[in-house]
């Protein structure tokens, strides 16, 4: 069970994600951000709760709602914002936009809008860690719609 300090850290992470998503939504509504956005509002506790216990060396694989996963894993806010403005200073040098985030340095191995698309990648990462006798965790986020995809059952 989390102690008071850990709960406060989790709350701060959730609040940070929420505030970032609200600001992104506002900028998108104003047509300032042109990248398509699939926001993570209402799901902040999932990413915060999982990533809190991960090590920097662990891996996260995401879906189209990647902002919260990226930030909770320790992704750089400036790189995220830069990416959404298609800047070369973004985590994908402005080439990925909102739904194709990746930042290997942060252990954020990638996101895709393809339903269930990162599941086999995460499975391969986990298998590789086992075969190499490495103490690493691979986390993959996906929604209930992914259960209709064959790749989930194959993995």
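Readers should treat all values here as calculations from the given coordinates under stated rules, not as data from a laboratory. Predicted model only: the values in this text are computed from it and were never measured. Don't worry about glycine lacking a Cβ; one is built from the backbone with ideal geometry, like all the others, and counts go over all protein chains shown.
Counting 0.36 nm for each residue step from residue 134 to residue 104 and taking away their Cα separation leaves a gain of 9.1 nm.
Only Cα sites of segment 107-155 enter the Debye sum here, all with the same form factor; the resulting log10 I(q)/I(0) across q = 0.16, 0.17, 0.28, 0.29 1/Å is -0.46, -0.51, -1.06, -1.11, listed in q order.
What does the helix-only formula give at 222 nm for the chain: each DSSP H stretch with n ≥ 4 adding -39500 (n - 2.57), the total divided by the residues, and the result rounded to the nearest 500 deg cm²/dmol?
Calculated at 222 nm, the ellipticity per residue is -13000 deg cm²/dmol.
The label-point distance for residue 19 and residue 78, in a model that sets each label 7 Å from Cα toward Cβ, rounds to 1.8 nm.
Between residue 41 and residue 147, the distance separating the two model label sites (each 7 Å from Cα on the Cα→Cβ line) works out to 2.7 nm.
Based on every Cα atom in segment 4-154, Rg and the maximum pairwise Cα distance Dmax equal 15.2, 50 Å. Pull out a ≥ b ≥ c, the square roots of the eigenvalues of the alpha-carbon gyration tensor of segment 1-85, then state rounded if a/c is under 1.5, prolate if not and a/b is larger than b/c, and oblate in the remaining case. Verdict is prolate for segment 1-85.
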